[in-house]
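Take a look at the structure set out below.
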Number of protein chains: 2
Amino acid sequence: MADPTLMDKLVSLAKRRGFIFQSSEIYGGLGSVWDYGPLGVELKNNIKERWWRSMVHERDDIEGLDAAILMHSKVWEASGHVSGFTDPLVDCKVCKNRFRGDDERIKGQPGTPEAQCPICGNRGSLTEPRMFNLMFKTFMGPVEDEASVVYLRPETAQGIYVNYLNVLQASRQKIPFGIAQVGKAFRNEITPGNFIFRTREFEQMEMQYFVKPGEDERWFEEWRGLRMTWHCDLGIKPEKLRFHQHASDELAHYAKVAYDIEYEFPFGWQEFEGIHNRTDFDLTRHQEYSGKKLEYVDTVSRERFIPYVIETSLGTDRLALVVLVDAYREETVEGETRVVLGLAPTIAPIKAGVFPLVKKDGMPEVARRIHDDLRRRLPVFYDDGGSIGRRYRRQDEAGTPFGITVDGQTLEDQTVTVRDRDTLAQERIHTDQVGRYLEDRLRA
Amino acid sequence: MADPTLMDKLVSLAKRRGFIFQSSEIYGGLGSVWDYGPLGVELKNNIKERWWRSMVHERDDIEGLDAAILMHSKVWEASGHVSGFTDPLVDCKVCKNRFRGDDERIKGQPGTPEAQCPICGNRGSLTEPRMFNLMFKTFMGPVEDEASVVYLRPETAQGIYVNYLNVLQASRQKIPFGIAQVGKAFRNEITPGNFIFRTREFEQMEMQYFVKPGEDERWFEEWRGLRMTWHCDLGIKPEKLRFHQHASDELAHYAKVAYDIEYEFPFGWQEFEGIHNRTDFDLTRHQEYSGKKLEYVDTVSRERFIPYVIETSLGTDRLALVVLVDAYREETVEGETRVVLGLAPTIAPIKAGVFPLVKKDGMPEVARRIHDDLRRRLPVFYDDGGSIGRRYRRQDEAGTPFGITVDGQTLEDQTVTVRDRDTLAQERIHTDQVGRYLEDRLRA
């Protein structure tokens with residue numbers, strides 16, 4: 001169900017707790033660019049690490065890569081982005097608003113007297129759609145001419161394709177095998193928005209899986225299933241997830257089959273990961289444009305072929321938004337409303353808060369000692385400011401799964417209470433056992 | 001001692017083993033931009049994780065941040081980069097080579113008839129130096145005009161300064177405190193080079209420490225010492241490290257005192273980390289340009305002041321080069337030359353190779369089982385291709401500290417040999433104990 005106020009609440013919580021800030025905020029902000037604060041960077045790092053572990057470390061058939069953002073402009077000619085990575089752009093001559101030509105709110109054909117501006121309501125004020133390339137362009141070296149043009153990559157995938165033979169040779173992999181990469185990409189979007197959902201600078205976690213032609217459909221289905229399972233394992237509510245298959249008129253120029261994984265955001269169902277059968281399109285084009293053979297030679301049959309590629313392309317920022325939206329809840333506890341981020345413990349920025357019940361009787365010293373000891377094993381946070389209830393609430397909002405409190409009884413029997421963020425149950429654990437107890441609960 | 005052939009060997013090893021590839025190589029390469037391969041990305045991630053842990057996770061007084069690469073152009077006016085981040089550029093009208101105006105090989109004053117081109121030797125062919133801004137410029141939105149100019153950040157530091165109040169409020173830190181960040185920066189260098197030493201796209205690990213004016217000199221000395229110790233703890237040879245203090249004519253426009261940490265590369269002593277006392281320069285300028293108060297209010301004395309900033313700025317790629325150069329050695333073992341990367345085990349991309357001595361008698365199955373079991377705890381690599389000596393050599397070049405071999409005796413008593421990369425000593429360990437044995441050795 002669409003709930004626009006939820007997004008406002010989330011943006012506000014994200015700033016208050018230090019997850020996400022507007023970029024260049026003191027200068028009025030830069031449109032649709034966001035900075036990750038202390039908790040946000042930990043959340044994002046945990047998400048990336050989890051993805052990297054499942055893709056690269058726990059599999060023998062996938063290698064990692066980190067290609068640069070700047071690439072030779074020929075790469076983007078070969079990939080089709082220079083000629084085809086465009087959106088139709090329409091301006092209203094009256095109210096000066098700007099639209100994508102395919103904006104569903106526009107009535108009539110832009111450029112004709114009948115077309116109506118969805119904002120100011122004027123008729124005949126919309127310009128004819130003109131194609132606008134979404135790649136950011138810059139110049140390498142001091143001369144700003146055609147020869148020195150470079151683009152900020154609009155997708156990380158091409159860095160994988162142009163390195164595919166280098167990786168193959170260095171790693172001694174055999175087909176089928178994959179190359180995984182995490183990195184920034186840039187798109188000069190006409191209508192960015194919805195917080196960190198559609199931004200001009202964003203991060204992708206992409207994996208390109210190279211297979212023998214004819215085996216691509218089987219591998220496509222394999223990866224489609226694996227990716228959905230991965231999101232469910234992350235604790236995202238399954239009823240908020242669904243597949244959307246691209247109809248033939250939705251398919252990108254390189255794709256034979258494509259499925260999106262969609263999440264039901266407060267602003268509707270939207271894609272946050274795509275699984276694409278890119279066929280041999282990209283490698284064939286790079287072979288043609290570079291003049292370098294990009295064939296794979298089968299080590300047994302000596303067959304030569306250009307591999308087909310199955311791509312899984314996940315937006316890090318979009319997944320961060322999925323995780324935040326999915327975790328956000330308000331509930332009433334003992335007559336008070338509390339805001340909770342029910343983040344999965346493995347990706348929570350802070351694993352436990354450590355609190356002295358009161359700031360006296362030696363409790364802060366004991367709590368500090370527990371904190372300093374835990375810090376070597378886990379990200380923890382010490383807090384002795386304000387009432388214990390307020391400190392719990394702050395950590396609830398930060399998504400911290402456990403709260404460890406040193407109280408009067410601690411001084412007698414060396415036990416502390418461990419509070420569970422979700423159930424609010426409190427257990428007494430011996431101080432010596434807290435580290436192991438948390439590690440066990442975090443693994444579960 | 002300068003050893004240019006060492007750089008060639010390193011570039012070759014980096015490609016062969018999958019550490020580093022030339023960007024867009026199949027298109028002839030993009031000047032001074034490099035891609036990290038399967039082993040390179042693991043090495044770099046291990047370095048970054050180690051830095052992040054020591055800066056953010058193991059300290060209470062430093063918060064993490066991940067600001068976007070794109071920032072409001074006012075940021076760079078305030079910081080002084082729009083007007084002052086320039087290098088003097090000189091062209092030779094005869095041989096068309098390009099130089100920095102302060103190139104020591106140029107004899108005479110460029111632009112005069114006496115000045116001599118260091119490449120073609122002509123006199124009077126060098127142009128007068130013209131100032132060239134090193135920031136990459138692009139446009140946000142479809143209109144390429146002054147209002148839409150954005151720059152790729154030439155340093156990550158400004159992302160920290162403009163977010164300093166947001167981080168302070170969300171984290172409830174008190175001065176002195178720091179903000180740490182890892183991220184890409186871009187400089188349109190006139191003369192990049194030396195492999196990954198000076199590149200146009202690079203990664204920084206920066207920490208900005210906010211202190212009370214008057215306490216800055218003490219904190220500067222503290223951080224200068226901590227940073228040098230950190231590099232020594234990483235295992236870099238201390239005799240290859242030194243401080244270089246900036247003379248007054250070397251100081252950047254924002255700096256009061258600056259020390260470089262230099263390493264003796266094969267191309268000479270060069271800086272890879274800088275510790276700078278940036279005073280209140282940046283925050284004062286941002287306060288002025290944004291019109292937003294950036295003062296800190298002392299929670300006890302209610303004093304108001306603009307903090308001074310001590311910066312530690314480390315190049316991730318430069319540190320990766322330091323680590324590779326420092327680890328590279330050739331030695332003769334039993335009459336054969338071997339190439340070894342003696343990487344510290346904590347940052348080695350692969351922690352252990354797992355080998356069946358021969359491809360029969362069930363050895364591969366046992367080795368596979370050990371590998372699959374270890375993989376859940378550590379990055380390991382299974383290899384059954386070629387002679388055992390060749391497999392050891394491949395892992396020596398990859399910097400893998402341990403080799404685990406399943407041999408005839410394994411089938412009798414369930415022990416394997418564990419080979420130490422550096423001493424070549426082999427110990428027999430029970431298969432059940434290998435994981436724990438490696439973890440202990442890796443911690444040491």
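Farthest toward the positive end of the dipole of segment B:350-443, out of B:Phe402, B:Ser387, B:Ile350, is the Cα of B:Ile350, where the dipole comes from beta carbon charges about the Cα centre. Taking amide H as placed 1.01 Å from N in the peptide plane, A:Phe177 has its amide H under 5 Å from the amide H of A:Phe210, each at least 5 places away in sequence or on another chain. Counting only lysines at least 8 places from A:Lys174 when in the same chain, those with an alpha carbon closer than 18 Å to its own are A:Lys212, A:Lys293.
The Cα-based radius of gyration and maximum Cα-Cα distance (Dmax) for segment B:1-45 are 11.4, 35 Å.
Kindly work out what percent of the DSSP beta bridges joining two residues of segment A:350-443 are antiparallel, to the nearest 5. Show your work: numbers first, answer last.
Working: 9 of 17 bridges.
Rounded to the nearest five, the antiparallel share is 55 percent.
To the nearest 10 degrees, how steep is helix B:363-375 against the longest Cα principal axis of chain B, on a 0 to 90 scale? Here the helix axis deviates by roughly 30 degrees.
Just the Kirkwood number for the protein assembly as shown, please: inverse of mean 1/r across all distinct Cα pairs, in Å, one decimal. Kirkwood hydrodynamic radius for the protein assembly as shown: 29.7 Å. Computed from the C-beta positions of B:Val300 and A:His57, the FRET efficiency with R₀ = 60 Å rounds to 0.80. Partners of A:Lys107 within straight-line reach, counting aspartates and glutamates whose Cα lies under 19 Å from its Cα and excluding those fewer than 8 residues away in the same chain: A:Asp87, A:Asp91, A:Glu128. Within the accessible surface of segment A:350-443, defined with a 1.4 Å probe on protein heavy atoms only, the carbon and sulfur portion equals 47 percent.
Buried surface between chains A and B: roughly 6600 Å² of accessible area, summed over both sides, computed with a 1.4 Å probe on protein heavy atoms only. Within segment B:161-189, what residues put their amide N at less than 13 Å from the label point 7 Å along the Cα-to-Cβ vector of B:Glu222? Answer for this model: B:174-179. Among B:43-53, A:336-346, sorting by the average number of other beta carbon atoms lying within 10 angstrom of each residue, highest first, gives B:43-53, A:336-346. B:Tyr259 contributes an accessible area of around 40 Å² to the protein surface, as traced by a 1.4 Å probe with all chains present. Once the Cα atoms are used to define both axes, helix A:38-52 deviates from the longest principal axis of chain A by about 60 degrees.
Sorted from shortest to longest, the distances between the B:Glu334 label points of this copy and the other copies are 7.1 nm, with each point 7 Å from Cα along the line through the beta carbon.
Is the shape of chain A rounded, prolate or oblate, going by the alpha carbon gyration tensor and its root eigenvalues a ≥ b ≥ c, with a/c under 1.5 for rounded and a/b larger than b/c for prolate? The shape class here is oblate. Within the listed set A:Asp87, A:Asp145, A:Asp432, the Gaussian network model of chain A (springs between alpha-carbon atoms below 10 Å) gives the highest mean-square fluctuation for A:Asp145.
Viscosity 0.692 mPa s, temperature 37 °C: Stokes-Einstein D of segment A:86-133 from its Kirkwood Cα radius, in µm² per second?
Numbers: Rh = 10.1 Å.
For the chosen part, D equals 325 µm²/s.
Interface residues of segment A:13-39, defined as those with an accessible-area decrease of at least 50 Å² between the chain by itself and the complete set of protein chains (probe 1.4 Å), are A:Phe21, A:Ser24, A:Ile26, A:Tyr27, A:Leu30, A:Asp35, A:Pro38. Estimated from the Cβ-Cβ distance and a Förster radius of 41 angstrom, the FRET efficiency linking A:Thr5 and B:Asp422 is about 0.10.
Averaged over peptide A:300-309, the number of partner chain Cβ atoms lying within 10 Å of each residue's Cβ comes to 0. Packing around the peptides B:372-385, A:9-22, taken as the average count of other Cβ atoms within 10 Å per residue, puts them in this order, highest first: A:9-22, B:372-385.
How large is the direction-averaged shadow of the alpha-carbon convex hull of segment A:350-443, in nm²?
On the way: hull surface 21.1 nm².
Taking a quarter of the hull surface, the average projection is 5.3 nm².
A straight Cα-to-Cα reach below 16 Å connects A:Lys360 with the aspartates and glutamates A:Asp383, A:Asp384, A:Asp407, A:Glu412, residues fewer than 8 places away in its own chain not being considered.
The values are calculated or read from the model by the stated rules, or taken from the named source; none is laboratory data. Values in this document were obtained by computation on a predicted structure and should not be read as measured data. For neighbour counting, all protein chains shown are included, and Cβ atoms are generated from backbone atoms with ideal geometry for every residue, glycine included. Please note that ligands, DNA and RNA were not included when accessible areas were found on the heavy atoms of the full protein model with its side chains. Shrake-Rupley method; radii C 1.70, N 1.55, O 1.52, S 1.80 Å.
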